[in-house]
Amino acid sequence: MGYTVRFISHDKSVTVEGGTILDAAAKAGIAVEGNCGGKGSCGKCKVRIAEGQKTTADKHDERFFNPKDVREGWVLSCRYKVENDLVVEVPHQADAFSRKTKLNRLLEDIVISSPVEKVYLELPKPSISDQCPDYERLLRALDLSRASQSPANGLLRVILKTLRTLAL
């Protein structure tokens, strides 16, 4: 049987067996932002029930809606259970995905230059013929002549605690 949820703002309808308005929106392919995972704590999934059963405010609604909003049918889509046919209006919102996409486009021309460089080294194990300390073996393997072109100007800082974990 199921219930029909019609989203007038997107001109889409979907039939669901229950669940929340947020579930119905996802099934219809309508992005409704909600960062709290359906707990009703972020308030970003606000929708208005234009036709169908409306509800009185619960503790979650009271945090995000004034009494007038509740009378007009505003609810949190993650909390409102679909128990009959509904007509729902989803306000236009720039969802998180579109905001992040726009931000990424702004960052395309930025070149990040880090003073930190990752270098992979494989050092031979100490032997009778090469008994120098681990720190000196590390410096020798790093070839600091090329490090002089780096922003650190050839300086190498090694934290003693880190050096103790080397166990070359």
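Does at least one position in the stretch 7-18 carry a residue that is over 10 Å from Cys78 (Cβ atoms), hydrophobic (A, V, I, L, M, F, W, C) and out of contact with any helix residue (DSSP H, G or I) (no Cβ under 7 Å at 6 or more places or on another chain)?
Step one: of the stretch 7-18, the residues over 10 Å from Cys78 (Cβ atoms) are 7-18.
Retained after the next criterion (residues that are hydrophobic (A, V, I, L, M, F, W, C)): 7-8, 14, 16.
Within this subset, residues satisfying the condition of being out of contact with any helix residue (DSSP H, G or I) (no Cβ under 7 Å at 6 or more places or on another chain) are 8.
Yes: the stretch 7-18 contains one or more residues that are over 10 Å from Cys78 (Cβ atoms), hydrophobic (A, V, I, L, M, F, W, C) and out of contact with any helix residue (DSSP H, G or I) (no Cβ under 7 Å at 6 or more places or on another chain).
Name the single residue, out of those in the stretch 4-22 being farther than 12 Å from Val90 by Cα and of a type in the set (Gly, Ala, Ser), that is most open to solvent (accessible area, probe 1.4 Å). Ranking the candidates gives Ser13 first.
With the condition kept exactly as written, say whether any residue in the stretch 49-67 is in a strand (DSSP E or B), at pLDDT 85 or above and among the small types (Gly, Ala, Ser). First the steps, then the outcome.
Residues of the stretch 49-67 that are in a strand (DSSP E or B), as a first pass: 49-51.
Next, only the ones that are at pLDDT 85 or above stay: 49-51.
Then keep just the ones that are among the small types (Gly, Ala, Ser); that gives 50.
Looking for residues that are in a strand (DSSP E or B), at pLDDT 85 or above and among the small types (Gly, Ala, Ser), one finds at least one in the stretch 49-67, hence yes.
Does the stretch 37-56 contain at least one residue that is farther than 14 Å from Glu89 by Cα, open to solvent by 40 Å² or more (accessible area, probe 1.4 Å) and acidic (Asp, Glu)? Within the stretch 37-56, not a single residue is farther than 14 Å from Glu89 by Cα, open to solvent by 40 Å² or more (accessible area, probe 1.4 Å) and acidic (Asp, Glu).
Looking only at the stretch 1-45, which residues are under 23 Å from Arg71 (Cα atoms), of a type in the set (Lys, Arg) and modelled with pLDDT of 90 or more? Residue satisfying the conditions is Arg6 alone.
Between Ala31, Ala25, the distinction of being assigned to a helix (DSSP H, G or I) and open to solvent by less than 70 Å² (accessible area, probe 1.4 Å) belongs to Ala25 only. A count restricted to the stretch 131-168 and to residues that are surrounded by 12 or more Cβ atoms within 10 Å (Cβ to Cβ), modelled with pLDDT of 80 or more and more than 27 Å from Ser113 (Cα to Cα) stands at 1.
The values are calculated or read from the model by the stated rules, or taken from the named source; none is laboratory data. Keep in mind the model is a prediction, meaning the values are calculated, not measured. Every residue, glycine among them, receives a Cβ derived from its backbone with ideal geometry; neighbour counts consider all protein chains shown. Keep in mind that these areas ignore ligands, DNA and RNA; they rest on the heavy atoms of the full protein, side chains included. Shrake-Rupley method; radii C 1.70, N 1.55, O 1.52, S 1.80 Å.
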